[in-house]
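Just below is one structure, and these are the notes that go with it.
The values are calculated or read from the model by the stated rules, or taken from the named source; none is laboratory data. Please read these numbers as outputs of a predicted model, since none were measured by experiment. Ideal geometry is used to build each Cβ from the backbone, glycine not excepted, and the neighbour counts take in all protein chains shown. Calculation scope for accessible area: heavy atoms of the full protein, side chains included, ligands and nucleic acids excluded. Shrake-Rupley method; radii C 1.70, N 1.55, O 1.52, S 1.80 Å.
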Amino acid sequence: MPGLKGKRQLLEKMISFESNTLNINEMWSLLIFCLQLKEKEIEVFLKDWRLAIKEIREIGRTVHYLYKRLEQEWSIYDLYSAGRDTILSTERLYLVINRIKDVRSIEHWENRYDSLPIKERAEINVSGNDLMDWYNKRGGPWLKETLLNIENKILSCQLDNNKEKIKEWLMKCNQK
């Protein structure tokens, strides 16, 4: 079994968890957690098990957010970046690892995600072309930075996702 030789203690740790609520990719994520694999090692390990690239990426994302979640609560930006499926998988793993039976946190974080003003960058009501027109400038690093700033303001509910409001806010900021 690829990557498991000499890992008996770590595998015993894995089977000590009550994991019957986890799906197959969450089980892989739990195994990776128990084996204490670094993010760079995950893809190689899972490729040796002949998993599909799509699954490897999904598992990698879940493990990434699991490590973050074990250190702190979800931030607004992490909820946004992770997306619903990754949030739910990560939170189920978090509960299993911490041996928490109360599953209300899953619903809590799902509700927090649902309340975000945007779920992905494509939902922002302005484009790079709009910004270039408004500023009468060509593209460049400033464009990415400005779009990221808009995205963060919308996520933190400091700016409505409305083209005119965004333009007004940008012009006001530009005068300072």
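How big is segment 73-122 by the Kirkwood estimate over distinct Cα pairs, in Å?
For segment 73-122, the Kirkwood estimate is 11.2 Å.
Tally up the carbon and sulfur contribution to the accessible surface of the chain as a whole percent, 1.4 Å probe, everything protein left in place.
So the carbon and sulfur contribution to the accessible surface is 48 percent.
Note down the magnitude of the dipole of segment 1-160 about its Cα centre, charges +1 on Lys and Arg C-beta and -1 on Asp and Glu C-beta and zero elsewhere, to the nearest 20 debye.
For segment 1-160, the charge dipole is close to 660 debye.
Go ahead and run the numbers for FRET between Asp48 and Lys163, Cβ-Cβ distance against an R0 of 41 Å, rounding to 0.05.
Given R0 = 41 Å and the Cβ-Cβ separation, E is 0.25.
Which is the longest stretch in the chain that no exposed loop site breaks, taking sites as GluC sites (Glu not before Pro) with a DSSP loop state and at most 15 other Cβ atoms within 10 Å?
121-176
What size of dipole, in debye to the nearest 20, comes out for segment 1-73 about its Cα centre when the only charges are +1 on Lys and Arg C-beta atoms and -1 on Asp and Glu C-beta atoms?
Its charge dipole is roughly 280 debye.
Would you please state the base-10 log of I(q)/I(0) at q = 0.14, 0.18, 0.22, 0.31 1/Å for segment 115-163, with intensities from the Debye formula using one equal scatterer on every alpha carbon?
Computed log10 I(q)/I(0) values: -0.33, -0.53, -0.76, -1.24.
Going Cα to Cα from Lys54, which aspartates and glutamates come in below 17 Å? Please leave out same-chain ones fewer than 8 positions away.
Glu26, Glu39, Glu41, Glu43, Asp85
Per residue, how many Å² of accessible area does the chain show with a 1.4 Å probe?
Per residue, the chain has 64 Å² of solvent-accessible surface.
Taking the Cα atoms only, what angle lies between the long axis of helix 24-34 and the longest principal axis of the chain, rounded to 10 degrees?
So the inclination is approximately 80 degrees.
What Rg and what Dmax come out for the chain when only alpha-carbon atoms are used, in angstroms?
Both quantities, over Cα of the chain: 20.6, 64 Å.
If I fit a long axis through the Cα atoms of helix 163-174 and take the longest principal axis of the Cα atoms of the chain, what angle between them do I get, 0 to 90°, rounded to 10?
Approximately 80 degrees, to the nearest ten.
Please tell me which of these pairs span more than 22 angstrom C-alpha to C-alpha: Lys40/Lys119; Lys7/Lys101; Lys68/Lys119; Lys47/Lys144; Lys119/Lys163?
Checking Cα-Cα distances, Lys40/Lys119; Lys7/Lys101; Lys47/Lys144 exceed 22 Å.
Among the trypsin sites (Lys or Arg not before Pro) within segment 82-116, which fall in a DSSP loop and have no more than 13 other Cβ atoms within 10 Å of their own Cβ?
Arg99, Lys101
Only helical DSSP H runs with n ≥ 4 go in: add -39500 (n - 2.57) per run for the chain, normalise by residue count and round the 222 nm mean residue ellipticity to 500 deg cm²/dmol.
Result for the chain: -20500 deg cm²/dmol, rounded to the nearest 500.
Compute the convex hull volume of the Cα atoms of segment 79-165, divide it by the residue count, and report the result per residue in Å³ as a whole number.
Considering the Cα atoms of segment 79-165, their hull volume per residue is 100 Å³.
Scan segment 28-70 for trypsin sites (Lys or Arg not before Pro) in coil per DSSP, keeping those whose Cβ has at most 15 other Cβ atoms within 10 Å, and list them by number.
Listed in order of number, the matching sites are Lys38, Arg50.
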